[in-house]
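Step one of this worksheet: look at the structure below.
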Amino acid sequence: MKKRLISVSRFSTRGVGTKWAPDSRVSCRHRLRCFVTAPSPLSFASSSSPSAPSNSCGYSSPTQAEIISDLKLTISEFSIFGSLANVGAMVGAIASGQIAEYIGRKGSLMIAAVPNIIGWLIISFSKDSSFLFMGRLLEGFGVGVISYTVPVYIAEIAPQNMRGSLGSVNQLSVTIGIMLAYLLGLFVNWRVLAVLGVLPCTLLIPGLFFIPESPRWLAKMGMTEDFESSLQVLRGFDTDISIEVNEIKRSVASSSRRTAIRFAELKRKRYWFPLMIGIGLLVLQQLSGINGVLFYSSNIFANAGISSSNVATFGLGVVQISSSGMAASFFLVSIAFFLEGFVSEDSRFYSILGILSLVGLVTVVISFSLGVGAIPWVIMSEILPVNIKSLAGSVATLANWLVSWIVTMTANFLLDWSSGGTFLIYGIVCAFTVAFVSLWVPETKGRSLEEIQFSFR
């Protein structure tokens, strides 16, 4: 007799007479369940970037001067510290697909919370760079698992007409975490801020006991009763879920005819095309340079002539929850920095250029939060077929973190080389991203996961 890993059968399934049509109560129910998983992106946001994830930007920016001073680090050592979260996340990304496959989405998040907590505590009590680096690697591992699992879980539990709005909960959590890290960094030292990073994951673990497991994962594992009960809980006890149950069963049945997927089979268009779209979006997301901006924003503002650079950094976190235009904004910042090289620091025009740089960077972060930050993770979790999701999702997440590490590691050196040139490069990448999305990324709005994945056949 198969042991049940997850049971939601304690919930009643009375009254299944109406076809599913989400009302405000169902919408609230889904949003609450997504907010239960919100502490996971929030936890790495408090040290991380909004790419879904990189445990450094919110923490690194307000603490850079203090850590360098207290532990006698060089700029190169601090750059290594900032980028090591990405190295840990790469390892987590490699393992994330298999962990989520074998112990479920909830189990993966529980496992990911543990190294996050340990990593933050090690950072807080570090006496030299070796412990600082070790803590960064551990929290990075947890982030790598979280960055894959949370978007997949949200996509798998969300109704097709709510996936976009529910997927934005993930990005919202990240941006709130960054904002809080920037704000708290104004008032507490770096060790206390690291201890505060433990809180979101500490809240996440008990919160996971109050939400159901992914119905699609339960169906794939053959736990039919639990799968239907979980879906009924998610859609509402008065909802007829028979149509959706049959769609998921058909999808699982067709994918399970061939359970083992080899790398050679990824040559088939139904596999390589969605995988290339997922990898392309996640790589371009990082090449936009957002981690460079958020990790080292205090230094960027100081170089731009903004006197209260930490306060400006907090403002950057606040506005991360709004509007659009990354490429144009990067070009604006680039021009402002180029012009500052020809203007005296005592002139009024120099101050105006500093304010222009601030406005441009704020607009960059706003634009990122609205689109490039959240949407690639949502699309990746939607377009990958069920039978390759663990393998392909790990590959795409690994590519994201690898490029994130490169951007984080090189940002300080690029800014020392030329601030204007750095932002010009980032702007060109953003312009290319617009072309990539226009030419190759399919529209997924209003389509079920099964319909989206069937379209690639």
Being out of contact with any strand residue (DSSP E or B) (no Cβ under 8 Å at 6 or more places or on another chain), hydroxyl-bearing (Ser, Thr, Tyr), modelled with pLDDT under 85 and open to solvent by less than 70 Å² (accessible area, probe 1.4 Å) is the filter here; which residues of region 225-270 pass it?
251, 254, 255, 256
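I'd like the full set of residues that are hydroxyl-bearing (Ser, Thr, Tyr) and either in a helix (DSSP H, G or I) or in contact (Cβ under 8 Å) with a residue 24 or more places away in the chain (or both), limited to region 335-386.
350, 351, 357, 363, 367, 369, 381
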Could we say that residue 119 is assigned to a helix (DSSP H, G or I), small (Gly, Ala, Ser) and within 14 Å of residue 194 (Cβ to Cβ) here?
yes
Cβ-Cβ under 8 Å pairs, at least 6 apart or on other chains, region 121-148 side more than 27 Å from residue 99 (Cα to Cα), far side open to solvent by 40 Å² or more (accessible area, probe 1.4 Å) and part of a helix (DSSP H, G or I):
124/191; 124/192; 124/195; 125/131; 125/191; 129/77
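Can we say residue 161 is more than 25 Å from residue 86 (Cβ to Cβ) and either open to solvent by 60 Å² or more (accessible area, probe 1.4 Å) or within 19 Å of the chain's Cα centre (by Cα) (or both)?
Against the criterion (more than 25 Å from residue 86 (Cβ to Cβ) and either open to solvent by 60 Å² or more (accessible area, probe 1.4 Å) or within 19 Å of the chain's Cα centre (by Cα) (or both)), residue 161 qualifies.
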Do we have residue 58 as within 30 Å of residue 386 (Cβ to Cβ), open to solvent by less than 10 Å² (accessible area, probe 1.4 Å) and either modelled with pLDDT of 90 or more or part of a helix (DSSP H, G or I) (or both) here?
no
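Answer yes if at least one residue in region 124-132 is of a type in the set (Phe, Trp, Tyr), part of a helix (DSSP H, G or I) and open to solvent by 60 Å² or more (accessible area, probe 1.4 Å), and no otherwise.
Yes.
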Only residues in region 399-416 that are over 15 Å from residue 93 (Cβ atoms) count as the first member; pair them with residues that are in a helix (DSSP H, G or I) and at pLDDT 85 or above, Cβ under 7 angstrom, at least 6 apart or cross-chain, and list the lot.
407/286; 407/287; 414/422; 415/422
Every residue from region 420-455 that is outside any helix (DSSP H, G or I) and open to solvent by less than 90 Å² (accessible area, probe 1.4 Å)
441, 442, 444, 446, 447, 448, 455
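Please state which one of 287, 356 is open to solvent by 20 Å² or more (accessible area, probe 1.4 Å), at pLDDT 80 or above, out of contact with any Phe, Trp or Tyr (no Cβ under 7 Å at 6 or more places or on another chain) and within 30 Å of residue 444 (Cα to Cα).
Working: 356 fails: within 30 Å of residue 444 (Cα to Cα).
Residue meeting the stated conditions: 287.
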Residue count, region 212-223 (criterion: in a loop (DSSP other than H, G, I, E, B) and open to solvent by 10 Å² or more (accessible area, probe 1.4 Å)):
3
Sort out which residues of region 189-211 are surrounded by 15 or more Cβ atoms within 10 Å (Cβ to Cβ) and assigned to a loop (DSSP other than H, G, I, E, B), and write them in order of number.
197, 211
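The values are calculated or read from the model by the stated rules, or taken from the named source; none is laboratory data. The shown structure was predicted, so the numbers you read here are calculated from the model rather than taken from an experiment. We place every Cβ from the backbone using ideal geometry, glycine too, and count neighbours over all the protein chains shown. Surface accessibility is based on the protein's heavy atoms, side chains included, excluding ligands, DNA and RNA. Shrake-Rupley method; radii C 1.70, N 1.55, O 1.52, S 1.80 Å.
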